[in-house]
1. Filter the range 103-124 for residues that are charged (D, E, K, R) and within 17 Å of LEU28 (Cα to Cα); which is farthest from the chain's Cα centre (by Cα)?
2. Return the residues of the range 86-115 that are more than 13 Å from ARG63 (Cα to Cα), of a type outside the set (Val, Ile, Thr) and not in a loop (DSSP other than H, G, I, E, B); say none if nothing qualifies.
3. Please tell me if VAL54 is among the β-branched types (Val, Ile, Thr), outside any loop (DSSP other than H, G, I, E, B), over 13 Å from the mean Cα position of the chain (by Cα) and modelled with pLDDT of 80 or more.
4. Would you pick out the residues in the range 1-40 that are modelled with pLDDT of 80 or more, surrounded by fewer than 12 Cβ atoms within 10 Å (Cβ to Cβ) and of a type in the set (Val, Ile, Thr)?
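The values are calculated or read from the model by the stated rules, or taken from the named source; none is laboratory data. Note that the structure is predicted; figures quoted are calculated from it, not measured. Glycine gets a Cβ as well: all are built from the backbone with ideal geometry, and neighbour counts include every protein chain shown.
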Amino acid sequence: MKFIFSFFLIFGVSQLWGQGNLQFNQILNLEVTCCSPTSYTVPAGKVWKIESAVSANQYYPVRITNMNGRSLNGHICKDANSSYGVFPIVLPFWVAPSTVIQFNTGSNNGEKGYVSIIEFNIIP
């Protein structure tokens with residue numbers, strides 16, 4: 001009987017401090033351009049899960065250059081052993097609500113890349 005009571009007590013308390021549930025909202029394919037970082041802001045009440053990135057130039061992968069005003073310059077990849085850039089940002093990569101994130105790619109004007117993101121609603 002103590003076990004059952006303890007289980008329900010712990011379960012009930014854990015629900016009080018839960019962070020909410022995630023509900024699928026949409027798929028985003030964000031365009032990234034060369035030479036000038038492209039900024040995006042995660043809407044309030046949403047989180048982003050960066051799933052993949054593709055660049056028009058194999059030697060210049062898509063990079064996250066800045067998050068909330070802090071310089072990063074990490075390249076987005078599926079594998080930590082990638083040889084591009086200063087450091088890899090291994091996917092999936094979660095981005096919190098209201099985060100301002102900048103992407104960049106390429107070496108010449110006109111080169112583009114795309115970042116594929118799943119956006120979730122935070123349900124309290």
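1. LYS112
2. Result: TRP94, single match.
3. Yes: the conditions hold for VAL54.
4. Within the range 1-40, just ILE27 meets the criteria.
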